[in-house]
Amino acid sequence: MTSAAKAGAGAPPLWQALLLAAEAWRALRAGTALDRALESAQLTEPAHPRAAAAAKDIAYTATRHLALIDWIVARLVPRVPAPAVEALLGVALGQLVAARHPPYAVVDQAVEAAKRTELLKGAAGFINGVLRNALRQRDALRAEGEADERVRFNLPGWWLQRLQRTYPEQWASIADVQRHPPPLVLRVETTRVSVEDYIARCAAAGVQAQRVGMAAVCIEPPRPVDSVPGFAEGLVAVQDAGAQLAAHWLGVADGMRVLDACAAPGGKTAQLARAARIDLLAVDADALRLRRVEDNLARLHAREFSTVHVHAADAAVPEQLQAIAGNHPYDRVLLDAPCTASGIVRRHPDIPWLRRPADVAQLATQQRRLLEALWPLVAPAGRLLYVVCSVFPEEGARQVAAFLAQRRDARLRALPAASAGGLTAQLVPSDRGAVADISILPSMHDGFFFALFEKH
């Protein structure tokens, strides 16, 4: 192996990963979703082949401590730095707070990153001074900052207040679960391998796996998916245990016509296609994201079971759906609607910082449009499962009540894990909760709302 190949096989220089993460962080603070910002981030010189993965870890770590980082910068810096300087400071402070690398190595490599960039070169001494000062006071700064609930739970004030109003007894546990990195949860493709056999295969490979739902397995500690046993073969898919309930609760059977109305990225689409031999139409308004639907269908061999058609269309526009679906009604419709994503913050810690209070009402309006557009496509006695990965009632229980008030031909079917005294199910983020029966409700899951409508 050449010396260059050996260098490429090792860890990337920390300064490179910090620069990439800082570019993504700067875009995030300007309003770009973190994953999209990371995809766009690039260096002016060739990067180490693993620099992007390291940058993602750094950027996500910083985002999980965004409120604390802002608090520390405000304490230590008398004037707001230029965006590029603030971004490099932010991601480096994230590493110091989380103690992911030796602290003085972080300071040294952050200064090196500044020196390597024309835009930051003049700020190298300033960055060095701020980071060393932060390091000296790290514990005291953290303790003082986290006395504020917004800093401790890493949430904007309006978001935290909404949680407190909605869940006066549970808000702290919800916020605490969501400020930590998520577990790696897989859906086992039980038509190809049993959960027990898959766990045994993991054990043989030295991978710890634990059953947390009907077909859900948690891998500990988390690892890259390409190193997960059976992933390349399509035996498992990465999917939260709560999300796995949707295809199960929709209740498809052989011969049914099924519509997956907001299909991307395709985890539920593939799950439906393998649940029974059905005629499945998957649509999504984002044509680019439909590529991931196709990738998931191919890797999981879903078309071996069912007929699947994938089309780009806005499910909220009846004319677009009509052009694809024709006049034939559907026995089952899955509407996994766009929402605030307030139930999956631990997977996407940038979400609270990208949303605004008005977004809740705007998204609720979009959900209503989708329900109104899709309901006429449901066959008599057919069912529509409404799903949002949200914990806000405007997108859940209130949305359902408003729809039922206007649709006399719609009624609710009780769900197995329905909330006490109701027919719908509101799951709040849970990490190893005590459940009576994991065949009904998984022991760990993100936050979801489910309502199953039947046409009569």
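Residue pairs whose Cβ atoms lie under 6 Å apart, sitting 6 or more positions apart in sequence or on different chains, and linking a residue in region 271-288 that is touching a residue at least 12 places away in the same chain (Cβ under 8 Å) and within 20 Å of Gly326 (Cβ to Cβ) to a partner that is of a type in the set (D, E, K, R) and not in a strand (DSSP E or B), are Ala285/Asp314. Considering only region 336-346, I want to know if a residue exists there that is touching a helix residue (DSSP H, G or I) at 6+ places or on another chain (Cβ under 7 Å), under 18 Å from Leu452 (Cβ atoms) and not in a loop (DSSP other than H, G, I, E, B). Yes, because at least one residue in region 336-346 is touching a helix residue (DSSP H, G or I) at 6+ places or on another chain (Cβ under 7 Å), under 18 Å from Leu452 (Cβ atoms) and not in a loop (DSSP other than H, G, I, E, B).
Scan region 218-228 residue by residue and report those that are within 22 Å of Ala298 (Cβ to Cβ) and open to solvent by 20 Å² or more (accessible area, probe 1.4 Å).
Residues satisfying the conditions are Pro224, Val225, Asp226, Ser227.
Residues checked against (1) open to solvent by less than 10 Å² (accessible area, probe 1.4 Å); (2) within 26 Å of the chain's Cα centre (by Cα):
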site: Glu39; (1), (2): no, yes
site: Gln42; (1), (2): no, yes
site: Ala51; (1), (2): yes, yes
site: Ala62; (1), (2): yes, yes
site: Val80; (1), (2): no, no
site: Ala84; (1), (2): no, no
site: Leu88; (1), (2): yes, yes
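Checking each residue in region 294-324 for being under 24 Å from Leu452 (Cα atoms), open to solvent by less than 10 Å² (accessible area, probe 1.4 Å) and part of a helix (DSSP H, G or I) picks out only Leu321. Filtered by the rule that a residue be more than 19 Å from Leu135 (Cβ to Cβ) and touching a residue at least 40 places away in the same chain (Cβ under 8 Å), region 67-86 gives Ala67, Ala82, Pro83, Ala84.
Can you give me the ranges of the helices (runs of 4 or more DSSP H) entirely in region 113-217 with at least 1 residues that are hydrophobic (A, V, I, L, M, F, W, C), open to solvent by 60 Å² or more (accessible area, probe 1.4 Å) and modelled with pLDDT of 95 or more?
Answer list for region 113-217: 124-136, 138-145, 195-204.
Does Arg142 satisfy the criteria of being on the phi < 0 side of the Ramachandran plot and out of contact with any helix residue (DSSP H, G or I) (no Cβ under 7 Å at 6 or more places or on another chain)? Give the steps one after another, and end with the answer.
Details: on the phi < 0 side of the Ramachandran plot: yes; out of contact with any helix residue (DSSP H, G or I) (no Cβ under 7 Å at 6 or more places or on another chain): no.
Spelling it out, it is not the case that Arg142 is on the phi < 0 side of the Ramachandran plot and out of contact with any helix residue (DSSP H, G or I) (no Cβ under 7 Å at 6 or more places or on another chain).
The set of residues from region 255-284 being within 18 Å of the chain's Cα centre (by Cα), in a loop (DSSP other than H, G, I, E, B) and more than 22 Å from Val188 (Cβ to Cβ) comprises Cys262, Ala264.
Of the residues making up region 408-456, those that are part of a loop (DSSP other than H, G, I, E, B), within 18 Å of the chain's Cα centre (by Cα) and hydrophobic (A, V, I, L, M, F, W, C) are Val428, Met444.
Please verify whether region 23-34 includes one or more residues that are open to solvent by less than 70 Å² (accessible area, probe 1.4 Å), touching a residue at least 12 places away in the same chain (Cβ under 8 Å), part of a helix (DSSP H, G or I) and over 24 Å from Arg355 (Cβ atoms). Taking every residue of region 23-34 in turn, none turns out to be open to solvent by less than 70 Å² (accessible area, probe 1.4 Å), touching a residue at least 12 places away in the same chain (Cβ under 8 Å), part of a helix (DSSP H, G or I) and over 24 Å from Arg355 (Cβ atoms).
In summary, Phe403 fulfils each of the numbered conditions (1) touching a Leu at 6+ places or on another chain (Cβ under 6 Å); (2) buried (at least 21 other Cβ atoms within 10 Å of the Cβ) with the single exception of condition (2). Against the conditions (1) among the β-branched types (Val, Ile, Thr); (2) open to solvent by 10 Å² or more (accessible area, probe 1.4 Å); (3) in a helix (DSSP H, G or I), Val252 satisfies every one except (3).
Here is a check on your reading of the model: is Ser443 open to solvent by less than 30 Å² (accessible area, probe 1.4 Å), closer than 19 Å to Gln178 by Cβ and touching a His at 6+ places or on another chain (Cβ under 7 Å)? Taking the combined requirement at face value, the residue does not satisfy it.
The values are calculated or read from the model by the stated rules, or taken from the named source; none is laboratory data. Model, not experiment: these values are computed from the prediction. Neighbour counts are summed over all protein chains in view; Cβ atoms, including those assigned to glycine, are modelled from backbone coordinates with ideal geometry. Protein only, heavy atoms only, side chains kept; ligands, DNA and RNA dropped before computing areas. Shrake-Rupley method; radii C 1.70, N 1.55, O 1.52, S 1.80 Å.
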